[in-house]
Structures are given as C-alpha cells and as structure tokens.
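Okay, so here's the structure we're looking at.
The values are calculated or read from the model by the stated rules, or taken from the named source; none is laboratory data. Note that the structure is predicted; figures quoted are calculated from it, not measured. For neighbour counting, all protein chains shown are included, and Cβ atoms are generated from backbone atoms with ideal geometry for every residue, glycine included.
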Amino acid sequence: MGRDANIVCVGCFQPELKGMLDYPTNWYKDTEEGSLVTSGLLNCNTSGQSTELAEALGVEYWDFNTHQLKKEKINWDALIVLSEECAEWDEHNVENLRTLLEHKFICMFQPNG
C-alpha cells in the first residue's frame with residue numbers, strides 16, 4: 001500500500017485569508033474574526049511525492065514530534081519544484097502556506113499509509 005500526505009492548518013479567521021481556506025469565500029460571510037478555521041493544503045498522493053513533501057517541509061515522515069511546521073525549516077524552493085509534480089496543487093498553494101504561517105496558523109504535516 002502506498003503512502004500519501006498533506007498539510008492541515010488551523011488558525012483564527014481573518015477576512016483577508018478567506019481565499020486560502022477550505023470552503024468558497026462566500027461561505028465565510030458570517031464568520032466572525034478570530035473564529036477557528038481550517039485549511040487543507042499540499043496533498044501528495046504517491047509515496048515518493050509524500051516523502052519529498054516531508055523533506056521539503058523539514059519534518060521526519062513518522063516522527064510526530066517534528067510535524068508542526070516551522071517556517072524557518074521549510075525549503076520553499078523545493079516545495080515550488082514539487083508543486084510542478086503534484087497535480088492537486090501549484091505554486092499558489094505554497095504561497096498560501098507561507099501566508100497562513102505568517103498569520104500564526106498552526107500547520108501540521110499529516111502522513112497517511
């Protein structure tokens with residue numbers, strides 16, 4: 001069985017971030033600033049891509065102690081290269097991750113398989 005992985009982010013709602021979250025922007029029209037919201041990012045569906053994602057994020061695949069992302073450990077250039085291989089996301093999603101981290105979202109690497 002192959003592995004897959006993604007990133008899950010949780011943080012406080014800010015209107016300027018609604019385009020980076022899980023649902024269409026109009027669904028957030030009644031969301032109060034500061035409410036907890038989520039964003040799923042950077043899905044990788046193969047074992048190889050999932051391993052590359054972990055490496056680019058600066059985490060160990062099955063070491064849960066390392067799964068909370070630290071902006072300074074991320075190899076942003078490697079993520080952009082990986083975005084060219086993963087059909088489900090692109091460089092824009094990499095920038096969304098950077099922005100969410102800058103807005104104090106907690107972002108976690110989530111391995112499966």
For this session: Output the number of residues of segment 94-105 satisfying the condition of being in contact (Cβ under 8 Å) with a residue 12 or more places away in the chain and either farther than 13 Å from Leu57 by Cβ or of a type in the set (Phe, Trp, Tyr) (or both).
Result: 7
Exercise. Would you call Gly113 loosely packed, with under 13 Cβ neighbours inside 10 Å, touching a strand residue (DSSP E or B) at 6+ places or on another chain (Cβ under 7 Å), at pLDDT below 95 and not hydroxyl-bearing (Ser, Thr, Tyr)?
Worked result: yes
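Just to be sure before I move on: is Cys44 modelled with pLDDT under 95, touching a strand residue (DSSP E or B) at 6+ places or on another chain (Cβ under 8 Å) and farther than 24 Å from Thr25 by Cβ in the structure I sent?
Working: modelled with pLDDT under 95: yes; touching a strand residue (DSSP E or B) at 6+ places or on another chain (Cβ under 8 Å): yes; farther than 24 Å from Thr25 by Cβ: yes.
Criteria met by Cys44.
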Seminar exercise, completed: Result of the Cβ filter at 6 Å on segment 49-70, keeping first residues that are more than 17 Å from Leu101 (Cβ to Cβ) and partners that are assigned to a helix (DSSP H, G or I) and of a type in the set (Val, Ile, Thr), at least 6 apart or interchain, is Glu60/Thr66
Problem set entry | Conditions (1) closer than 20 Å to Gly2 by Cβ; (2) among the polar types (S, T, N, Q); (3) modelled with pLDDT under 95; number of the one not met by Asn93 | (1)
Seminar exercise, completed: Apart from one, (1) surrounded by 15 or more Cβ atoms within 10 Å (Cβ to Cβ); (2) modelled with pLDDT of 95 or more; (3) small (Gly, Ala, Ser) all hold for Ser83; the odd one out is (2)
